[in-house]
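Working notes, structure below.
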2 protein chains.
Amino acid sequence: MDQTAIKELTQAVLQHICVPLEASARHVHMTEAQAHALFGHGLTPQRPLSQPGQFLAAERVTLQGPKGKLNHVAVLGPARKEAQVELSLTDGRLLGIQPPIRPSGDVAGSPGIVLVGDQGTVALTQGVIAAQRHLHLTPETAVRFSVQDKQIVRLQTFTDRPLVFGDVLVRVSSDYADCAHLDFDEANACAMTPGDWGRILP
Amino acid sequence: MDQTAIKELTQAVLQHICVPLEASARHVHMTEAQAHALFGHGLTPQRPLSQPGQFLAAERVTLQGPKGKLNHVAVLGPARKEAQVELSLTDGRLLGIQPPIRPSGDVAGSPGIVLVGDQGTVALTQGVIAAQRHLHLTPETAVRFSVQDKQIVRLQTFTDRPLVFGDVLVRVSSDYADCAHLDFDEANACAMTPGDWGRILP
């Protein structure tokens, strides 16, 4: 086999037995009304994300916490029913907020924060979390790995600083693309770079 | 047994089968001459560190990289034969430097950086690394865990976000106190808090 064929085969095998790793930078989800309050209009799609239908918005916000602020923070669309700010624990330290480690959507009782846009300000009373590390899987992939929605698994990373993450939440939906989502603390702790893979362990 | 006795026994058992986890913030080691160039005098001990004889200096430096700077960075003493700047990969991103992951002391060919003190500036031509995660063990503890100096082991963390670090370097010396050293990316990836423990796996 020539080198190109070997490379293609290797990729196909990796795709079959592994999951691509992806680092999620800090970002904000918001309601349609909050987008209007912050920017004077709804969210403008700038580029699609790995999960089908999700996009990075052209709009950016400043996060203002009790101890510091972060400028130029990504906003993801489409708009949701409730705002959610996903930070790393490093970000939390800088802002003076201790985000609880929660699955996406589980924001009850989490800390608030102030969002600043170019047209206005929105004070959230809750919504700041550190997203629990998780896997997005299609139903077909979940069957292949013998895992179910909401199962907790371990994830071995094939990265420069290899490790095995515990407490990884499996999410299964036909709306998903296969992908492991880490925050930047986690991505740096394993020295992940784009194109790296992980393996699900029971 | 009363609660106090149970607590004391638990700590004794943990101390026997585990290693305390410690997060190392970004810091600088420097030569005596560099301290004089930066501060006009040698390093002033402010408080002792967990490793015997090592101290946090009263002096602080600013790190100036191609893309950003970090103020008020810790300087550790005593002075060494060669400067070394230990950053997290997160710090490197902010400064615009890609620190290689290296054992302490292995700085050949690593990136340089500019140190700014209250009395002067020192431009390092090399010395910036991300310290490879490592264990400091006394010879007695190394025997108990059946590990040797320079061995690579895994380290399971009993933390809020449990994981198993691979590629953990064992260092053994009678000058050490038992301790696992993580950087802040790694400490946040496992949500370590002071008092947490880890277990050495072969």
| remark: Between B:Thr193 and A:Gln51, the two model label points (7 Å from Cα along the beta-carbon direction) sit apart by a distance in nm of 2.8 nm
| query | Of all DSSP beta bridges located in the protein assembly as shown, what percent are antiparallel, nearest 5? | reply | 70 percent
| Amide H within-cut-off set for B:Ala191, under 5 Å, with H built and near neighbours excluded | B:Arg161
| query | Residue by residue through segment B:68-84, which ³J(HN,Hα) values in whole Hz follow from phi under the Karplus form 6.51 cos²θ - 1.76 cosθ + 1.60 (θ = phi - 60°), with glycine and proline marked x? | reply | x, 9, 10, 8, 6, 7, 5, 10, 9, x, x, 4, 10, 6, 8, 6, 8
| What does the charge count near B:His27 come to, summing +1 for each Lys or Arg and -1 for each Asp or Glu among other residues with Cβ under 14 Å from its Cβ? | -1
| task | Using DSSP, restrict attention to beta bridges with both residues in segment A:1-82 and report what percent are antiparallel, rounded to the nearest 5. | result | 80 percent
| field | With every protein chain in place, segment A:81-202: carbon and sulfur % of accessible area (1.4 Å) | value | 50 percent
| 13 Å beta-carbon shell around A:Phe158, net charge (K/R +1, D/E -1) | -1
| query | Counting only DSSP beta bridges with both residues in chain B, what percent are antiparallel, rounded to the nearest 5? | reply | 70 percent
| request: List, in order, the whole-Hz ³J(HN,Hα) value for each residue of segment A:146-155 obtained from phi through the Karplus relation with A = 6.51, B = -1.76, C = 1.60 and θ = phi - 60°; use x for Gly and Pro. | output: 6, 10, 10, 3, 6, 5, 9, 10, 9, 10
| task | At a probe radius of 1.4 Å, figure out the A/B buried accessible area, summed over both chains, and give it in Å² to the nearest 100. | result | 1800 Å²
| field | Average other protein chain Cβ within 10 Å of Cβ, residues A:162-171 | value | 5
| message | For a 23 Å ceiling on Cα separation, which of these pairs sit above it: B:Lys67/B:Lys150; A:Lys67/A:Lys150; A:Lys7/A:Lys150; A:Lys67/B:Lys69; A:Lys7/B:Lys150? | response | B:Lys67/B:Lys150; A:Lys67/A:Lys150; A:Lys7/A:Lys150; A:Lys7/B:Lys150
| field | Position B:Pro66, label points 7 Å along Cα→Cβ, spacing to each other copy in nm (shortest first, one decimal) | value | 3.9
| task | For every helix of n ≥ 4 consecutive DSSP H residues, a contribution of -39,500 (n - 2.57) applies; sum these over chain A, divide by its total residues, and give [θ] at 222 nm rounded to the nearest 500 deg cm²/dmol. | result | -5500 deg cm²/dmol
| Table column - 3J(HN,Hα) (Hz), segment A:99-106, Karplus curve with 6.51, -1.76, 1.60, x for Gly and Pro | x, x, 7, 9, x, 3, x, 9
| said: Counting C-alpha atoms alone, how compact is segment B:78-202: give Rg to one decimal and Dmax as a whole number, in angstrom. | reply: 16.0, 48
| task | With springs only between Cα atoms under 10 Å apart, run a GNM on chain A and tell me which of A:Val128, A:Val85, A:Val153 wobbles the most. | result | A:Val153
| request: Report, in degrees rounded to the nearest 10, the 0 to 90 angle that the Cα long axis of helix A:3-17 makes with the longest principal axis of chain A. | output: 70 degrees
| task | Quick one: net charge around A:Ala189, please, counting Lys, Arg +1 and Asp, Glu -1 for every other residue with C-beta under 12 Å from its C-beta. | result | -4
| message | Please compute the average number of Cβ atoms from other chains found within 10 Å of each residue's Cβ in peptide A:180-188. | response | 5
| When all alpha-carbon pairs of the protein assembly as shown are counted, what percent fall beyond 38 Å? | 28 percent
| task | Would you mind putting B:189-197, A:172-180, B:176-184 in packing order, based on average other-beta-carbon counts within 10 Å, highest first? | result | B:176-184, B:189-197, A:172-180
| message | Once R0 is set to 51 Å, what does the formula 1/(1 + (r/R0)^6) return for the Cβ-Cβ distance between B:Val114 and A:Ile6, expressed as a FRET efficiency to the nearest 0.05? | response | 0.70
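The values are calculated or read from the model by the stated rules, or taken from the named source; none is laboratory data. Just so it is clear, the model here is predicted, and its values are computed rather than measured. Methodologically, a virtual Cβ is constructed for each residue, glycine included, from the backbone with ideal geometry; neighbour enumeration extends over all protein chains shown. These area figures cover heavy atoms from the full protein model, side chains too; ligands, DNA and RNA do not enter into them. Shrake-Rupley method; radii C 1.70, N 1.55, O 1.52, S 1.80 Å.
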